Amino acid sequence: YTTYIKSIQLSKNFFNKNSLQIKSGRSFTDNDRGHHFGDAIPVVLGYEYDEYFNIGDVFQGFYLSGKFDFEVIGFLMEDSYIEDWNGQYYYLDREVVVPMFDDVDAAPNDGYAFFQTLHYTNKTSCIIMYDNSLSLEEVTNELNKISSKNGLPDYEVFISLQDGSTAMVATGQMHESINFGKWIILIVSVCTF
């Protein structure tokens, strides 16, 4: 049986910035942020999962194009939340929190290589916070240096937020896909009505 569940991937910095507290078990360590092929991915569950799971339980789930084992390492305190780029609170009581991990191993097959491409595109299409002393152009150039070094496409900063130290970034292809997807949804909605 399968069901959709809400999940969120958080970087170490974002987890710490929001001062998320653990009710039982443990939080993520640096070791949890490096994933080896075939290993379970550690997760921290929201408060409301506490009555259904135990520390050490393993469940299967799909992430992007892959099926993975997820191991419960902890539970968040009740009413844990993060604040998004727009100042809105996002409560995590019914969330599966996954670390923003790096794959340590080279892909053992083409299917997993495809997953890694999707994962790193997803991982790097995000909201970033940067030092106020840097310009948006400097941030974009730094991202593109890293991207070029790894054979990935250039990044675009497509929204600069709040105080000028936060931006939404994505590869050019990801940004175009998002915009194209919006138009397809609009056209399908209009045709349906």
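The values are calculated or read from the model by the stated rules, or taken from the named source; none is laboratory data. As the structure is a prediction and not an experimental result, all values here were calculated from the model. Because the Cβ atoms are built from the backbone with ideal geometry, glycine has one as well, and the counts that use them run over all protein chains shown. All accessible areas refer to the heavy atoms of the entire protein, side chains included, with ligands and DNA or RNA removed. Shrake-Rupley method; radii C 1.70, N 1.55, O 1.52, S 1.80 Å.
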Which residue pairs have Cβ atoms under 9 Å apart, sit 6 or more places apart or on different chains, and have a first residue in region 19-38 that is farther than 9 Å from LEU76 by Cα and part of a strand (DSSP E or B) and a second that is open to solvent by 50 Å² or more (accessible area, probe 1.4 Å) and modelled with pLDDT under 90? GLY34/ASP102; GLY34/VAL104; HIS35/ASP102; HIS35/VAL104; HIS35/ASP105
Using beta carbons and a limit of 6 Å, which pairs, at least six apart or on different chains, have the first residue in region 55-75 and part of a strand (DSSP E or B) and the second one basic (Lys, Arg) and open to solvent by 60 Å² or more (accessible area, probe 1.4 Å)? ILE73/ARG26; GLY74/ARG26; PHE75/LYS23
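Quick grid of which residues meet (1) open to solvent by 50 Å² or more (accessible area, probe 1.4 Å); (2) at pLDDT 90 or above:
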position: GLN9; (1), (2): no, no
position: GLN21; (1), (2): yes, yes
position: SER24; (1), (2): no, yes
position: ASP32; (1), (2): no, no
position: PRO42; (1), (2): no, yes
position: TYR47; (1), (2): yes, yes
Please indicate, with yes or no, whether at least one residue in region 46-59 is in contact with a Gly (Cβ under 8 Å, 6 or more places away or on another chain) and among the aromatic types (Phe, Trp, Tyr). no
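Can you name the residue in region 65-81 that is within 16 Å of the chain's Cα centre (by Cα) and among the hydrophobic types (A, V, I, L, M, F, W, C) and is also surrounded by the fewest Cβ atoms within 10 Å (Cβ to Cβ) among such residues?
PHE68
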If VAL98 meets every condition in (1) assigned to a strand (DSSP E or B); (2) loosely packed, with under 14 Cβ neighbours inside 10 Å apart from one, which number is that one? (2)
